[in-house]
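Chemist: One structure, as structure tokens, below. Some questions next.
Rule-based calculations on the coordinates, nothing more; no lab input. Treat the numbers as computed from the prediction; the structure is a model and nothing was measured. Virtual Cβ from ideal backbone geometry, glycine too; neighbours counted across all protein chains shown.
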Amino acid sequence: MKWMSAVFVKSVALSLALSLSLLVAEPDPSVDPPYAKWGLIAVKEAQKKYNSEITDYLHIGRINLSPTEAEETFKLLLSRQGMPAAVLATVRFNTVTERLISIKFRDTQP
């Protein structure tokens with residue numbers, strides 16, 4: 001009986017350890033974050049608008065404006081006439097249809 005009790009305790013401990021490891025598992029890097037689509041659109045539109053190569057971007061965050069509209073904001077780093085520059089790109093979209101509503105750009109510090 002004591003042996004069965006020890007086996008039971010070990011199996012419960014193993015089960016808990018596996019459950020906890022799933023909770024703290026690293027995110028899958030092959031899965032794009034939800035903002036990736038809007039970041040790509042912001043980069044492409046900024047390249048057209050500023051006729052510059054975008055060297056890097058940072059996702060600032062999302063604001064939910066209503067149940068059907070949200071904005072994603074990105075800081076885009078680029079080079080203008082050989083000098084470093086940066087713009088904030090705000091992408092507004094419909095969260096239900098995933099359709100672009102608008103993109104606004106504002107100069108900022110690199």
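Chemist: Need the full-extension length gain, N51 to A36, defined as separation in residues times 0.36 nm minus the C-alpha distance. One decimal, nm.
Modeler: Details: separation 15, 0.36 × 15 = 5.40 nm, distance 2.17 nm.
Once the chain is fully extended between N51 and A36, it gains 3.2 nm.
Chemist: So who's got an amide H within less than 5 Å of the one on E69, skipping anything under 5 residues away but keeping other chains? H placed 1.01 Å off N, in plane.
Modeler: T95
Chemist: Let me ask you something else. Residues with amide H under 5 Å of A86's amide H, sequence separation 5 or more or different chain, H placed in the peptide plane at 1.01 Å from N; which?
Modeler: Result for A86 returns L78, T108.
Chemist: Still on this structure: Dividing the convex hull volume of the alpha carbon atoms of the stretch 36-108 by its residue count, what do you get in Å³ per residue?
Modeler: So the per-residue Cα hull volume is 75 Å³.
Chemist: Tell me the label-point distance for the pair T108, N64, using the 7 Å Cα-to-Cβ offset, in nm and rounded to one decimal.
Modeler: Between T108 and N64, the simple spin-label model gives 2.3 nm.
Chemist: Per residue of the stretch 92-106, what does 6.51 cos²θ - 1.76 cosθ + 1.60 with θ = phi - 60° give for ³J(HN,Hα)? Whole Hz please, x for Gly and Pro, Karplus curve as stated.
Modeler: 9, 8, 7, 6, 8, 8, 6, 9, 5, 9, 7, 10, 10, 10, 9
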